[in-house]
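**Q** Take a look at this one; I'll ask things after.
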Amino acid sequence: MSYIDIVPIGEVEDQLIFTLQPHLSQTFKVKTRIQRRDFDLSLVYDSMRNQYNSSGLLLQLINDVPPDTLKILGITGLDLFIPIFTFLFGEAQLNGVGALVSIHRLQNEFYGIPGDIELLKNRLIKESIHELGHTFGLIHCFTLRCVMNTSTYVEEIDQKSASFCIHCEQAILNGLKRKNF
Ligand SMILES: [Zn+2]
Ligand SMILES: [Zn+2]
């Protein structure tokens with residue numbers, strides 16, 4: 001039995017984590033479970049930017065992964081960056097085990113508009129499926145509604161669906177078959 005592990009990093013509302021579980025297991029046909037672990041956030045904090053280094057956090061996430069973990073997805077409220085980008089909604093290892101999503105800029109409140117928990121859940125589901133899609137070997141897709149379409153702005157996340165287009169779906173299924181799931 002293999003799992004997609006969902007790992008809250010820092011303070012994340014439980015309802016957001018629980019929301020992801022059925023969507024991820026249905027999309028990837030793999031069971032999910034929630035894992036709690038400790039992170040040393042001081043190692044990835046950049047005081048000049050007041051943000052957290054995404055790649056450093058991803059490295060902490062994939063350190064010491066349980067043998068029955070197929071993929072590991074970190075969810076954080078921290079504002080993430082990598083040196084060449086102002087911010088990131090998430091980051092993943094292409095064909096690897098780890099993926100990371102930040103809810104920081106998925107929240108309406110960040111843009112000075114009233115919060116909307118259902119909209120936030122939707123965005124989190126899409127970004128989580130997108131980043132996990134990378135770990136299953138998918139690259140960005142030009143089909144506008146496909147969840148693997150790339151999003152620079154939060155409005156672009158709202159325009160795409162939470163599903164793979166037929167080509168991406170097929171690529172995922174072929175990959176899973178090769179691993180005998
Ligand atoms: Zn991407
Ligand atoms: Zn696609």
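Laboratory data are not the source of any read-out in this text; all were calculated from the coordinates shown. Just so it is clear, the model here is predicted, and its values are computed rather than measured. All Cβ positions, even for glycine, are placed from backbone atoms using ideal geometry, and neighbour counts span all protein chains on display.
**Q** Which one, Thr135, Val154, Leu59, projects farthest toward the positive side of the charge dipole computed for the chain from Cβ point charges (K/R +1, D/E -1)?
**A** Result: Thr135.
**Q** Additional query: How do Ser161, Ser47 line up, fewest other C-beta atoms within 10 Å first? Write down the numbers at each step before the final one.
**A** Values: Ser161 15, Ser47 6.
Listing Ser161, Ser47 from fewest to most nearby Cβ atoms yields Ser47, Ser161.
**Q** Determine, for each peptide in 50-60, 148-158, the mean count of other beta carbons within 10 angstrom over its residues, then list the peptides with the highest first. Write out the running numbers ahead of the final one.
**A** Numbers: 50-60: 19.0, 148-158: 15.4.
Listed from highest to lowest mean packing, they are 50-60, 148-158.
**Q** Taking the Cα-to-Cβ direction at Glu11 and at Ile117 and moving 7 Å from each Cα, how far apart do the two end points lie in nm?
**A** Each label point is offset 7 Å from its Cα along the Cβ direction, giving 1.6 nm.
**Q** Still on this structure, please answer the following. Based on DSSP H assignment, which helices of the chain show an axial Cα extent of at least 20 Å together with a mean Kyte-Doolittle hydropathy greater than or equal to -0.5? Write down the numbers at each step before the final one.
**A** On the way: long enough: 14-28 (21 Å, 0.03); 117-135 (27 Å, -0.31).
Span-like helices in the chain: 14-28, 117-135.
**Q** Of Phe81, Phe164, Phe39, which is the most mobile in a GNM of the chain whose springs link Cα atoms less than 10 angstrom apart?
**A** Of the options given, Phe39 has the highest mean-square fluctuation.
**Q** Let me spell out the model: positive unit charges on the Cβ of Lys and Arg, negative unit charges on the Cβ of Asp and Glu, origin at the Cα centre of segment 1-156. What dipole size does that give, in debye rounded to 20?
**A** On the way: 12 positive and 18 negative charges, 102 e Å.
Charge dipole of segment 1-156: 500 debye, to the nearest 20.
**Q** Which value at 222 nm does the chain reach when only helices count, each DSSP H run of 4 or more adding -39,500 (n - 2.57), with the total divided by all residues and rounded to the nearest 500 deg cm²/dmol?
**A** Details: 5 runs with 62 residues, N = 181.
After summing the helix terms and dividing by the residues of the chain, the value is -10500 deg cm²/dmol.
**Q** Compute the distance in nm between two label points, each set 7 Å from the Cα along the Cα-to-Cβ direction, one at Met48 and one at Glu169.
**A** 4.7
**Q** Using 18 Å as the cut-off for backbone N distance, which residues of segment 101-134 belong to the label zone defined by a point 7 Å from the Cα of Val65 along Cα→Cβ?
**A** 101-102, 128-134
**Q** With only alpha-carbon atoms counted, please give the Rg and Dmax of segment 39-113, in Å.
**A** Calculated on Cα positions, Rg and Dmax stand at 12.9, 43 Å.
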